[in-house]
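Heads up: the structure comes next, in structure tokens.
The values are calculated or read from the model by the stated rules, or taken from the named source; none is laboratory data. Small disclaimer: the values here were computed from a predicted structure and weren't measured. Cβ atoms come from the backbone with ideal geometry, glycine included; neighbour counts cover every protein chain shown.
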Amino acid sequence: MSSLDITRRYFLGQCTGVSLGAMALSSLLGRALGATATGSDALGLSGLPHFAPKAKRVIFLTQSGGPSQIELFDEKPGLMKWAGVELPDSVRQGQRLTTMTSKQKQLIKPAATKFARHGRSGATISEWLPHLSRIADDVCFIKSMHTDEINHAPAMTKFLTGHQIPGRPSIGAWVSYGLGSTNRNLPDYLVLISKMQRPSDQPLYDHYWGSGFLPSRYQGVKLRNARDPVLYLRDPDGLPREVRRGMLDALGEMNQLRLDQTGDPEIATRIRQYEMAYRMQTSVPELTDLRDEPDDVFNLYGPDSRRAGSYAANCILARRLVERGVRFIQLFHPDWDHHSRLTSWCTARCRDTDQPSAALVTDLKRRGLLDDTLVIWGGEFGRGVAGQGQWDSPEAGRDHHPRCFTMWLAGGGVKPGLTYGATDDFSYNVAENPVHVRDLHATILHLLGVDHERLTHRFQGLDFRLSGVEKATVVNGILA
């Protein structure tokens with residue numbers, strides 16, 4: 001039976017899972033779906049990159065929940081005279097609100113923090129971000145981001161996959177699929193999730209780093225904050241390594257026979273993921289053991305950096321992954337969803353992330369890695385100018401707002417010390433140089449040497465791409 005003979009019913013009937021392959025220990029797929037080896041293990045599509053890349057790798061510092069641009073980046077001193085006044089219809093323009101605030105008056109709440117200008121660039125940054133303020137000239141701020149979705153799951157799904165409905169490949173999976181891996185001993189797409197000091201009620205779904213309709217080897221591999229960073233990686237007690245090697249060789253031969261019969265690319269994934277898992281038994285413990293980091297590194301990343309699973313510790317791991325040639329690294333830090341207690345909730349998340357994020361940029365720069373590493377910081381949307389609840393109460397917060405928000409980028413071919421785009425006087429609408437989420441995707445791929453319109457995958461008769469079918473534009477204004 002050839003690969004063309006496989007029907008959907010046959011596939012669903014015969015495939016009972018891909019074991020370690022299903023976890024996408026994503027490194028080594030050889031013959032599936034047009035992938036062409038550019039080395040013994042670095043398997044990208046033929047013809048990629050399309051042009052010389054400025055970035056070789058990406059660290060995506062994903063802030064889940066919607067950080068408030070009004071408190072952190074987008075200074076609007078004129079809001080003081082509007083305090084407690086209802087948002088004018090000419091500004092709101094009939095924009096949708098969530099059910100959490102649609103029944104209340106939209107009374108304007110000025111920023112709960114103070115701003116200052118920093119660096120030669122004069123970037124406006126909140127007093128809640130003192131460490132980021134010190135590296136203002138290394139960072140490019142985009143203040144004119146916008147998206148279409150107003151609730152977390154669809155907005156984050158779109159932010160990371162280009163579409164609000166689950167089932168599309170994440171940006172990390174697209175990068176892995178197109179460019180392949182430069183590392184034999186680790187997956188080329190790794191995900192680290194902060195271990196919060198209090199329970200978080202905000203879910204982080206696996207499809208945020210999933211491979212969608214791409215082969216499962218391109219899916220992000222989650223490093224857990226536990227004794228076993230990757231499940232099922234350790235050999236059972238009493239099993240000698242040479243016995244494990246023999247088992248894998250025999251299993252590989254059996255899987256190869258089945259692959260020759262069916263042409264199923266997931267079997268090719270399974271073969272290679274077992275081999276990757278075997279190598280990861282050595283590489284992962286070495287990676288996650290931070291005892292060889294000197295004290296000055298922990299001091300740079302802050303007091304939380306010695307706590308395993310913290311955002312700060314994960315930032316150190318991100319730098320170590322860069323040093324080991326991992327292509328796409330994604331950190332998730334939840335709990336930015338401040339519908340209430342804005343001044344305590346948002347400041348707590350700033351304390352979690354400000355020093356480690358700035359330290360990561362500084363650390364990469366001093367090691368000569370920032371020039372070809374693209375660092376991205378941001379969440380799925382921003383917050384609205386109206387207060388949620390009683391606007392002037394310490395318990396007040398802000399609701400979701402997709403029409404404008406701020407992100408920052410550093411390294412990897414981006415202009416440092418630049419503020420790009422602007423919003424209106426209420427931080428409610430984009431006033432200058434709008435950047436949609438799909439424009440961000442196109443720009444990230446461009447920096448990696450990929451034309452977003454030419455990185456496609458045929459599925460169910462359509463040629464899909466990360467940036468979708470609507471017009472997406474590379475943001476040339478931020479390119480160095």
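Quick look at the numbers
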quantity	calculated
Matching strands (runs of 3 or more DSSP E) fully within region 288-407 where at least 2 residues are touching a residue at least 60 places away in the same chain (Cβ under 8 Å) and under 26 Å from ALA422 (Cα atoms)	373-378, 382-388, 397-401
Filtered residue count, region 235-284, keeping only those that are among the β-branched types (Val, Ile, Thr) and within 28 Å of GLU323 (Cα to Cα)	4
Top-ranked residue of region 266-287 - restricted to ones that are within 11 Å of ARG217 (Cβ to Cβ) and touching a Ser or Thr at 6+ places or on another chain (Cβ under 9 Å), ranked as modelled with the highest pLDDT	GLU266
Residue tally, condition out of contact with any Leu (no Cβ under 8 Å at 6 or more places or on another chain), of a type in the set (Phe, Trp, Tyr) and within 28 Å of HIS441 (Cβ to Cβ), over region 49-95	2
Residue among ASP354, ASP363 that alone is in contact with a Lys or Arg (Cβ under 7 Å, 6 or more places away or on another chain) and farther than 12 Å from SER194 by Cα	ASP363
Evaluation of THR373 against (1) touching a Gly at 6+ places or on another chain (Cβ under 7 Å); (2) surrounded by fewer than 23 Cβ atoms within 10 Å (Cβ to Cβ); (3) among the hydroxyl-bearing types (Ser, Thr, Tyr) (one fails), failing number	(2)
Residue ID - modelled with the highest pLDDT, chosen from residues in region 227-254 that are closer than 25 Å to SER181 by Cβ and aliphatic (A, V, I, L, M)	LEU251
Residue in region 106-122 that is in contact with a His (Cβ under 7 Å, 6 or more places away or on another chain), surrounded by fewer than 21 Cβ atoms within 10 Å (Cβ to Cβ), under 16 Å from GLY384 (Cβ atoms) and in contact (Cβ under 8 Å) with a residue 24 or more places away in the chain present	no
Tally of residues being touching a helix residue (DSSP H, G or I) at 6+ places or on another chain (Cβ under 8 Å) and at positive phi across region 173-223	1
Breaking point among (1) closer than 30 Å to GLN93 by Cα; (2) touching a Ser or Thr at 6+ places or on another chain (Cβ under 7 Å), for VAL469	(2)
